Structure formats: structure tokens, C-alpha cells
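Report on the structure given below.
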Amino acid sequence: MSSAMVKYIPGEVIGFSMLINAILDQAMKSRRAGRRHGGSPIGAIATGALLIGCILTPLFCWYVREDGDA
């Protein structure tokens, strides 16, 4: 991804994706140890995070917009 494109991604979106990535990484490690992450399958966690991110990103961008923004 070019550095010009990175400027258009809100820091909160990157933070959310890093949080979900850490949760899924921990879930994979505990799955290898024979445990389930909070009783939820990893696919359900990933799908839920994707849906939440897809819904909240446009709402967040609308919320932080200013007059004159593209």
C-alpha cells in the first residue's frame, strides 16, 4: 500500500484491526493448547469483527467529517 493511501485510513480503524488481530492470534494459540476462546469458534470471532468493522467504518467517517471534505 502506498504511503499516500495510508493517510486516508483513520487511526481508529487501524487500531481496531490491530486489536482484532491480537484477539485472533491469542485464540489460535489457545486453540493449539486445546482450549476455545471464550467458547466461541475463531471463524465466528473473525466474521463478527469484519461485520462490525464494515458497519462502523462508514459511520465513523461520517461522524468525523468536516465542511469542505471530499
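Per-structure values
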{"read-out": "Per-peptide average of other Cβ atoms within 10 Å, ordering 56-68, 17-29 highest first", "value": "17-29, 56-68"}
{"read-out": "Virtual spin-label span in nm between residue 8 and residue 54, 7 Å along Cα→Cβ", "value": "2.0"}
{"read-out": "Gain on full stretching of the segment that runs from residue 63 to residue 17 - 0.36 nm per residue minus C-alpha separation", "value": "14.6 nm"}
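Since every read-out is calculated from the coordinates, none of them should be taken as a lab result. The shown structure was predicted, so the numbers you read here are calculated from the model rather than taken from an experiment. Cβ coordinates were reconstructed from backbone atoms using ideal geometry, including for glycine residues, and neighbour counts include every protein chain displayed.
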